[in-house]
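I have placed the structure first, in the form of structure tokens, so that the comments after it can refer back to it.
Computed from the coordinates by the stated procedures, all read-outs in this text should not be read as laboratory data. None of the values given here were measured: they were computed from a predicted structure. Note: ideal-geometry Cβ built from the backbone for every residue, glycine included; neighbour counts use all protein chains shown.
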Amino acid sequence: MNLVRAEIERLSARRFVQLMVVLLALAFAITAATTLAGSHKPNADELNSARAQASQARQSMEVSYQECLARQSGSLPPQDTGRYLPADCSEIDPIRQEKLPIAADYLPGVFTFAQQARPLLYFLIAFLVLFGFLVGASYIGADLNSGGVVNLLLWRPRRLTVLAAKLGTLLGAVLVLSLLASVAYLATFWVIGQTAGLPGRLDGDFWSSLAAVHGRGMVLVLLTSALGFAIATMGRHTSAALGAAAAYAVVWELGGRLVMEIIDARRPDQLMLSSHIGAWLTGEARFWDPQICAGNAGNDYCDSFYSLTWGPSLLVLLVLTGGLTAAAFAVFRRRDLL
Amino acid sequence: MSAVIEIEGLRKTFHSVRNGRRVAVDGFDLLVEAGQIHGFLGPNGSGKTTTLRALLGLVRADGGRMSVLGEPSPELLPRVAGQVGAIVESPQFFGNFTGHRTLRLLARAGGVPIARVDEALELVGLRDRGDERVKGYSLGMKQRLAVASALLKDPRLLILDEPANGLDPAGIREMRDLMRSLAATGVTVLVSSHILGEIQLICDHVTIISRGRRVAAGRVDEVLAGYDRHEFLVRVAEPGRAVELLQAAELTAVVDGEALMVSGVSDPTVVSRVLGEQGLWVGELTPLRPDLESVFLELTGAYEHSSVPRQVDGSGLPHADQGEAVINLDRGVDA
């Protein structure tokens with residue numbers, strides 16, 4: 001416990017951590033300020049007009065769907081009405097749509113919390129992922145490089161305990177900071193929605209969906225923090241983690257993808273970490289695979305997409321992070337500390 | 001006396017793609033007993049720091065046996081780590097921490113009472129500068145802080161690697177006094193240093209390492225005695241005639257400037273008697289005792305080839321192989 005307390009003090013005293021927290025607060029403040037400046041509370045006329053437009057849009061969707069069904073059943077002559085009518089009418093069935101037009105869609109310059117909360121949360125998660133990776137890497141990388149770890153081992157000559165205390169402290173600190181930042185961030189935008197915009201429909205479904213995204217985001221933040229820590233431990237330097245991340249992005253995500261496209265490899269996206277990160281964060285990611293519909297005669301509907309779901313994607317991320325972390329501990333246990 | 005540090009046959013080889021294989025320590029032995037202030041000497045790259053790092057579990061030894069305060073190291077080092085204060089080379093501290101905060105952090109990590117921080121700062125003379133940031137410290141002050149960190153635990157054994165680095169003459173003297181006062185309270189001190197005069201002044205025992213091997217060990221006076229050629233500087237009115245008279249008396253004597261160097265003299269009264277009987281009166285008869293520096297340079301071969309730029313790893317120097325003289329702790333000089 002003493003070791004963890006000391007590590008918390010060391011971590012919080014790091015200039016880089018302080019800089020990243022300031023950057024987080026700055027990004028947060030700029031986003032909130034621009035949102036606040038660009039939003040206003042709609043008056044009754046604006047609301048009525050928006051509701052009418054939304055209602056009209058929903059009606060139009062219903063009409064298109066009915067038209068499609070009628071044409072499919074042959075009760076309507078095949079004349080051009082100017083509407084898009086697909087072969088499979090379920091595509092435009094309003095009930096099957098993920099989201100129907102609502103008044104908020106027709107209120108320009110009005111911030112609606114229910115609509116914007118998810119993209120705002122994605123932005124926060126992206127920042128925290130970057131924060132976790134960089135802080136995780138620099139925390140151990142700088143300490144290994146400067147002799148801080150050696151100093152600590154002279155006091156506590158238990159390598160695995162010291163490294164585990166560092167990793168545990170890092171993950172705990174990143175989680176606490178992420179939770180606090182998330183609460184402050186969402187609360188601020190909720191207040192903006194209440195006072196200078198619209199709260200939108202904040203029912204149980206909304207909050208549970210937002211909580212799920214947030215929970216998955218926090219897991220991702222912890223995994224990337226551990227990943228940065230593990231790679232920097234193995235490479236002895238912060239730059240090892242940064243270099244590994246940059247090399248992976250350029251060599252595999254860009255170069256590898258390009259090569260796989262050239263050789264017509266099937267489903268290259270499922271070999272990319274970015275695909276699994278997306279699938280984990282959103283619950284499901286869909287990717288195009290032309291061979292899915294290759295054997296389709298054209299009678300049945302075939303959309304040529306396949307899905308990566310959050311379960312297998314989480315497994316990929318866990319195996320990668322767990323493997324690298326275990327390797328980092330194994331290397332650190334035997335390494336000569338010069 | 002009980003052994004506080006025991007090293008037998010320590011071996012360590014570093015391998016790297018760029019530099020290949022390099023033997024850093026090759027069958028090294030070290031014995032430090034309770035209450036000693038033990039000097040650990042060796043040229044740059046001779047294996048001193050590698051030995052200390054291996055002893056403290058920072059470097060994995062390839063072979064040999066080590067123990068600290070009776071516990072095998074590094075396996076059971078955690079058992080006694082609370083009683084061992086150590087600095088290895090110059091430790092780095094957070095520049096934006098104050099000295100006080102730096103020590104408080106270490107005290108917390110090691111489970112040492114925070115009150116001990118002020119005592120340690122006082123001991124190394126940083127009491128009034130403890131609230132300043134470390135980045136504003138001079139090299140000497142950082143070194144004092146490092147020593148303070150080693151003293152925090154109130155150790156039974158203190159291992160100091162080059163503690164005088166960066167210290168001014170007054171600081172070196174304070175460090176010497178500190179080590180003496182610690183030793184007086186029963187703390188065993190192992191100190192490595194390049195400042196041989198300092199080692200000779202403060203240490204009662206010494207071990208000299210060269211090319212990863214022990215080339216001398218024992219009480220400082222015994223090690224020096226092993227290299228005493230019983231030489232005397234003699235000043236007389238007629239040096240040339242004096243040489244002839246001494247050589248006739250079967251003594252080895254040569255003219256050295258305006259004086260004589262007479263060696264192999266067990267009893268200096270012989271010199272004054274031989275010369276006095278022939279009417280040559282001795283104006284000066286000074287015994288030339290070896291100091292640690294001359295013994296160190298002779299043992300490590302760091303002086304004889306002074307016309308050749310000396311290399312850190314000892315290349316270009318006579319190899320301190322098994323054929324060279326080795327002074328042993330209790331056995332005097334072994335061929």
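Points worth noting:
- Reachable aspartates and glutamates from residue B:48, criterion Cα separation under 14 angstrom, eight or more residues apart if same chain: B:26, B:29, B:89, B:161, B:162, B:313
- Here region A:1-108 is treated as a Stokes sphere of Kirkwood radius computed over C-alpha pairs; at 25 °C and 0.890 mPa s its diffusion coefficient rounds to 128 µm²/s.
- Extension reserve of the residue A:247-residue A:261 stretch, reckoned as 0.36 nm per residue once the Cα distance is removed: 3.1 nm
- Within a Gaussian network of chain B (alpha carbon springs, distance under 10 Å), most fluctuating of B:282, B:191, B:17: B:17
- Per the Debye calculation on region A:80-174 with a single equal scatterer at every Cα and no solvent contribution, log₁₀ I(q)/I(0) for q = 0.12, 0.13, 0.21, 0.25 Å⁻¹ amounts to -0.66, -0.70, -1.08, -1.23.
- Estimated inter-spin distance, residue B:3 and residue B:79, nm [label 7 Å along Cα→Cβ]: 1.5 nm
- Pairwise FRET efficiency - residue A:91 versus residue B:22, Cβ, R0 = 41 Å, nearest 0.05: 0.05
- Couplings 3J(HN,Hα) for region A:95-104, derived from phi with the Karplus relation 6.51 cos²θ - 1.76 cosθ + 1.60 (θ = phi - 60°), are 5, 7, 6, 5, 8, 9, x, 10, 4, 4 Hz, where x marks Gly and Pro.
- For region B:226-252, the residues whose backbone nitrogen is under 13 Å from a point 7 Å from the Cα of residue B:277, taken along Cα to Cβ, are B:245-251.
- Using alpha-carbon coordinates, inclination of helix B:239-248 to the longest axis of chain B, degrees: 80 degrees
- 5 Å binning of all Cα-Cα separations within region B:108-179, expressed as whole percents from 0 upward: 3, 16, 28, 27, 17, 7, 1
- Dimensions of the protein assembly as shown from C-alpha coordinates, computed as largest minus smallest value along each principal axis and given longest first, are 149, 58, 43 Å.
- Helix axis angle, B:99-110 relative to chain B longest principal axis, alpha carbon, degrees: 70 degrees
- Label-point gap, in nm, between residue A:195 and residue A:73 - each point 7 angstrom along Cα→Cβ: 5.5 nm
- Dividing the Cα radius of gyration of region B:229-288 by its Kirkwood radius returns 0.89 for Rg/Rh.
- The GluC sites (Glu not before Pro) of region A:1-98 that meet both conditions, a loop assignment by DSSP and at most 16 other Cβ atoms within 10 Å of the site Cβ, are A:98.
- When +1 charges are put on Lys and Arg Cβ atoms and -1 charges on Asp and Glu Cβ atoms, the dipole computed for the protein assembly as shown relative to its Cα centre reaches about 1700 debye.
- Helix B:139-151 and the longest principal axis of the C-alpha atoms of chain B enclose an angle of approximately 70°.
- Using a simple spin-label model with pseudo-atoms 7 Å out from Cα toward Cβ, residue A:282 and residue B:204 lie 7.7 nm apart.
- Look at the Cα gyration tensor of chain A: its axes a ≥ b ≥ c give a/c of at least 1.5 with a/b at or below b/c, and that counts as oblate.
- Taking the helices alone, chain B has a mean residue ellipticity at 222 nm of -9000 deg cm²/dmol, built from -39,500 (n - 2.57) per DSSP H run of at least 4 residues and averaged over all its residues.
- Sum of -39500 (n - 2.57) over DSSP H runs of 4+, divided by residues of chain A (222 nm, nearest 500): -23500 deg cm²/dmol
- For region B:3-225, the residue among B:64, B:216, B:193 whose Cα projects farthest onto the positive side of the dipole built from Cβ charges is B:64.
- For residue A:200, the residues whose modelled amide H falls within less than 5 Å of its own, excluding neighbours fewer than 5 places apart on the same chain, are A:113, A:114.
- Residue by residue, region A:34-51 carries 3J(HN,Hα) couplings of 5, 5, 4, 5, x, 10, 9, 6, x, 7, 4, 4, 4, 5, 4, 5, 5, 4 Hz when phi is fed to the Karplus relation 6.51 cos²θ - 1.76 cosθ + 1.60 (θ = phi - 60°); x denotes Gly or Pro.
- FRET E, pair residue A:122, residue A:239, Förster distance 25 Å, beta-carbon r, rounded to 0.05: 0.35
- Long-range Cα-Cα pairs in chain B (distance over 34 Å), rounded percent: 36 percent
- Pairwise FRET efficiency - residue A:331 versus residue A:292, Cβ, R0 = 35 Å, nearest 0.05: 0.25
- Per residue, the convex hull volume that the Cα atoms of region B:1-123 enclose (Å³): 152 Å³
- Zone residues, region A:13-31, relative to residue A:146, backbone N less than 16 Å from point 7 Å out along Cα-to-Cβ: A:13-20
- Calculated on alpha-carbon atoms, Rg and Dmax of region A:43-106 in Å: 14.1, 46
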